[in-house]
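Q: Below is the structure I would like to discuss, written out as structure tokens.
The values are calculated or read from the model by the stated rules, or taken from the named source; none is laboratory data. These numbers were taken from a predicted model, which means no experiment stands behind them. Glycine also receives a Cβ, built like all others from the backbone with ideal geometry; neighbour counts cover every protein chain displayed. These accessible areas exclude ligands, DNA and RNA; they are computed on the full protein's heavy atoms, side chains included. Shrake-Rupley method; radii C 1.70, N 1.55, O 1.52, S 1.80 Å.
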Amino acid sequence: MTVLLTGYEPFAEHETNPSERLATHFNGETVDGEDVVGRVLPVEFARVENELLDAIDEVRPDRVLSAGLAAGRSAISVERVAINVADAGATSDNAGSTPHDERIVPEGPDAYFANVPVVDCVETLLEAGIPARVSNTAGTHCCNRALYTVRHHTNLPAGFVHLPYTPAEAARNGTTGSATSGGSVPASMSFDDQRRAMESLIPCCRDGAPARSE
Ligand code: PCA
């Protein structure tokens, strides 16, 4: 069994992207008997689809698990749904593109659910002591587009998780107020916990939650 694990390159004001680090870290590894192929996608609306479908053609995975950064989130967010909208909001992509209220696939369905066990994944993460929540919106930027693309163009099980900042990135970005007289810093999660989360998510996307002993 092979899982394609995709991450994204850094974008906007973010100097790093934990999803890029995870895709690189797990590329070539075996997790619970599953061979992991990691790929880093461009944060470009015009390229996400082709790069992702090319990777699927090349790797021929049994499932696709994608990840991206959601600055400010306090937990691993397992996305339930991808919608047929491309809207960059205030964050232009890495090619300077800023789609506004567009459809990803003009005649495509309004939305697709992730077809991996989303709730099991969250429960499994929580049991491992990792903050996690189901998220009911993957936004309208490139991450939403990745999940929509895999669901629209393939029959593969496809999941998406949004990741918090790592502490170093939180210290650099999004702080408010003065560091020496109060102020605040956005939520973050250590890379090690994010890596542990992925080690749970890879088998969970295949099997669902492990059977409980009681
Ligand atoms: N996060 C953005 C795009 C790339 C990434 O890592 C998103 O949430 O769509």
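Q: How many residues are closer than 15 Å to L52 by Cα and either modelled with pLDDT under 95 or among the basic types (K, R) (or both) when one looks only at segment 108-167?
A: Counting residues in segment 108-167 that are closer than 15 Å to L52 by Cα and either modelled with pLDDT under 95 or among the basic types (K, R) (or both) gives 2.
Q: Okay, moving on. Residue under question is N144, and the condition is that it be assigned to a helix (DSSP H, G or I), within 14 Å of the ligand (Cβ to nearest atom) and either open to solvent by 70 Å² or more (accessible area, probe 1.4 Å) or not hydroxyl-bearing (S, T, Y) (or both); does it hold?
A: Yes: the conditions hold for N144.
Q: Of all residues in segment 147-171 being more than 16 Å from the ligand (Cβ to nearest atom) and not aliphatic (A, V, I, L, M), which is surrounded by the fewest Cβ atoms within 10 Å (Cβ to Cβ)?
A: It comes out as N155.
Q: In segment 147-189, how many residues are more than 30 Å from P109 (Cβ to Cβ) and part of a helix (DSSP H, G or I)?
A: Matching residues across segment 147-189 total 6.
Q: Among the strands (runs of 3 or more DSSP E) contained in segment 1-87, which hold 2 or more residues that are more than 13 Å from the ligand (Cβ to nearest atom)?
A: Ranges flagged: 2-8, 34-41, 63-69, 76-79.
Q: Still on this structure: For the subset of segment 112-141 comprising residues that are aliphatic (A, V, I, L, M) and not in a helix (DSSP H, G or I), which member is farthest from Y8 (Cα to Cα)?
A: Going through the qualifying residues, I end up with A128.
Q: Moving on. Scan segment 88-134 residue by residue and report those that are in contact with a Phe, Trp or Tyr (Cβ under 9 Å, 6 or more places away or on another chain) and within 11 Å of the ligand (Cβ to nearest atom).
A: A88, T91, D93, N94
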